[in-house]
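Here the structure is laid out as structure tokens; the discussion comes afterwards.
The values are calculated or read from the model by the stated rules, or taken from the named source; none is laboratory data. Bear in mind that the values here come from a model prediction, so they are computed numbers and not experimental data. Cβ atoms come from the backbone with ideal geometry, glycine included; neighbour counts cover every protein chain shown. Please note that ligands, DNA and RNA were not included when accessible areas were found on the heavy atoms of the full protein model with its side chains. Shrake-Rupley method; radii C 1.70, N 1.55, O 1.52, S 1.80 Å.
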Amino acid sequence: MGKHGRLSDLSDINPAALLPGYVPDQHKSGIVHLGPGAFHRAHQAAYTDAALAASGGDWRITAISLRSRQVADAMNAQNGLYTLIERGTIGAKARVIASIERVIVMADHAAQAMSALVDPATRIVSMTVTEKAYGIDRQNNCVDSDHPANAADLKSPSHPTGVIGLLVESLRQRRTAGSPAFTVLCCDNLPDNGVLVKAGVLDFARRIDPELADWIGDNATFPSTMVDRITPASSFETYSICQELTGQEDRACIETEEFSQWVIEDNFANGRPDWESAGALFVKDVAPFEKMKLRMLNGAHSMLAYCGYLADCTYVRDVMTHQHLPVLVARHMKAAAATLQPLGGIDYSDYGAQLVERFKNPALAHETYQIAMDGTEKLPQRLLLPAVDALQAKQDLRPFAFAVAAWMRYCQGLTDSGVEYDLRDPRQAEIAAKLNGAQTASDIIRLLNDLFPEILKDDLQWQETIEEIL
Ligand code: CS2
């Protein structure tokens, strides 16, 4: 047990096997990460920790939380240290992660956050801010100037609060100071995430200063990534397992599964940690990996989350022991796999079987309600684009129609047993207003017009199938 019983000092930690294999203070920060939520702490920060142990380098992470103070308060009180617990068939295994140096809350310390971004020692700016934080118009590959953060930031670009505005202003200041650009590393579940963020950043910069946009285009890089590790929100159980395993109270501990995957396009402007020593895979083209994961894992996740939540399955593991739902999960993965091109070294049915085992993990309390949030941001890449491919290849459309019908039903805000819930979607006010009175699937598709690709809007069979399922 440590001096104060609260994780804050590596010398308090016992057994030594939990310790990182390096001395944190001997490594400076070289990465700024936006959004140090549970996923980042279970994934990229853990890879960085292992890479520091294997190969060293000045690659610790300065994290910026855009709004929330909770993570910053917990982490800073522990000198950035936290326990990562892997839970699965092996039981529970803990390790202390020391790769995060500190957390800055943007809303309180905007100048500090900006100086970390502008510091020439910062060579990578990475982010996990969720799909909705970018405000990028994905159909036209440009910044959505109506998105609240972008609209405010375009008016006042030297005091940004949104992700794109922050990237552009910090790159502008670096250019003025004669410092090199950084690599922008998007780690959110979006297709071609690097390409997308690059389009948003260049468009935003061009509206302020076309020469700045050219400089960014010539000097910054935007590798795409595929990230994967199922990470539920921490619960009281997480805190108590942590205390059992480490003897320390840790308010920033995270639980996750044993499995972890990170596929990265090898295109860094300014160096990078030795992440491959921690198991990351560097490739030329991430897109096929991203597509596989978005369509098979995330697509099935969304479908099972809507159905499961409506049927009172609180956790994914409950869905996987439900009388009917596992069959639909398997069917969905098979249909999603059929929309993918062959990918060397990967057998999609083995991948699907592994996903089923991961979903069944009895130790993980992964809430269906957590996955079901932000449907309008998730549907296109997870369900609608594969549906378009299936339609064009004359493959089975029904599993995708089923998943979309489940989402439409979920939008009604009432479980099968009559419990009301909050939709938690950035377009929830619009959905509530428009769906009130909508009678049929084609009404819904028409009312949420911009969400659905043209080819699906025009396809009668797609609409009739959804109708029938509803
Ligand atoms: C989930 C993902 O919440 C969700 O929408 O589908 O967070 C999923 O758990 C991760 O992408 C797994 O890597």
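Of note:
- Accessible surface of the chain [probe 1.4 Å, protein heavy atoms]: carbon and sulfur percent: 50
- Rg/Rh, computed from the Cα trace of region 292-397 with Rh as the Kirkwood radius, has the value 0.96.
- Gln463 sits among other residues whose Cβ lies under 11 Å from its own Cβ, and their net charge, with Lys and Arg +1 and Asp and Glu -1, is -4.
- Beta bridges by DSSP in region 5-283, antiparallel share as percent, to the nearest 5: 35
- Cα centroid separation, region 151-190 to region 244-305: 24 Å.
- Inter-centroid distance (Cα atoms) of region 198-216 relative to region 95-115, Å: 26
- Using a Förster distance of 30 Å, the FRET efficiency for Glu258-Asp73 (Cβ separation, nearest 0.05): 0.55
- Theoretical gain in end-to-end length, Val356 to Thr440 [0.36 nm per residue, Cα-Cα removed]: 26.9 nm
- Gained length - Ala233 relative to Thr176, 0.36 nm times residue gap less alpha-carbon distance: 16.4 nm
- The largest-to-smallest principal axis extents of the Cα set in the chain are 63, 56, 44 Å.
- Sites matching trypsin sites (Lys or Arg not before Pro) across region 370-413 that sit in DSSP coil, with at most 15 neighbouring C-beta atoms within 10 Å: Lys394
- Among the trypsin sites (Lys or Arg not before Pro) within region 47-143, those in coil by DSSP and having at most 13 neighbouring Cβ atoms inside 10 Å are Arg67, Arg69.
- In region 266-369, the trypsin sites (Lys or Arg not before Pro) that fall in loop regions by DSSP, at most 15 other Cβ within 10 Å: Lys284
- Shape class for region 287-469, computed from the alpha carbon gyration tensor (a ≥ b ≥ c): oblate, with a/c not under 1.5 and a/b at or below b/c.
- A convex hull fitted to the Cα coordinates of region 5-283 yields 121 cubic angstrom per residue.
- Using a probe of 1.4 Å, the accessible surface attributed to Thr62 totals some 10 Å² when neighbouring protein chains are kept in position.
- Taking the DSSP beta bridges with both ends in the chain, the antiparallel portion is around 40 percent.
- Each Lys and Arg contributes +1 and each Asp and Glu -1, all at the Cβ; summed about the Cα centre of region 200-291, the dipole is approximately 220 debye.
- For the pair Asp422 and Asp214, the difference between a 0.36 nm per residue extended length and the Cα-Cα distance amounts to 70.5 nm.
- Area of Ser234 that stays accessible when all protein chains are in place (1.4 Å probe, Å², to 10): 40
- Pair Tyr369, Ala432: separation of 7 Å Cα→Cβ label points (nm): 1.7
- Per residue accessible area of the chain, 1.4 Å probe, in Å²: 41
- A Cβ-based charge dipole, computed about the Cα centre of the chain with Lys and Arg at +1 and Asp and Glu at -1, lands at about 420 debye.
- Residues within the reach of a label modelled at Asp9 (point 7 angstrom out along Cα to beta-carbon, backbone nitrogen below 16 Å), restricted to region 246-284, are 248-249.
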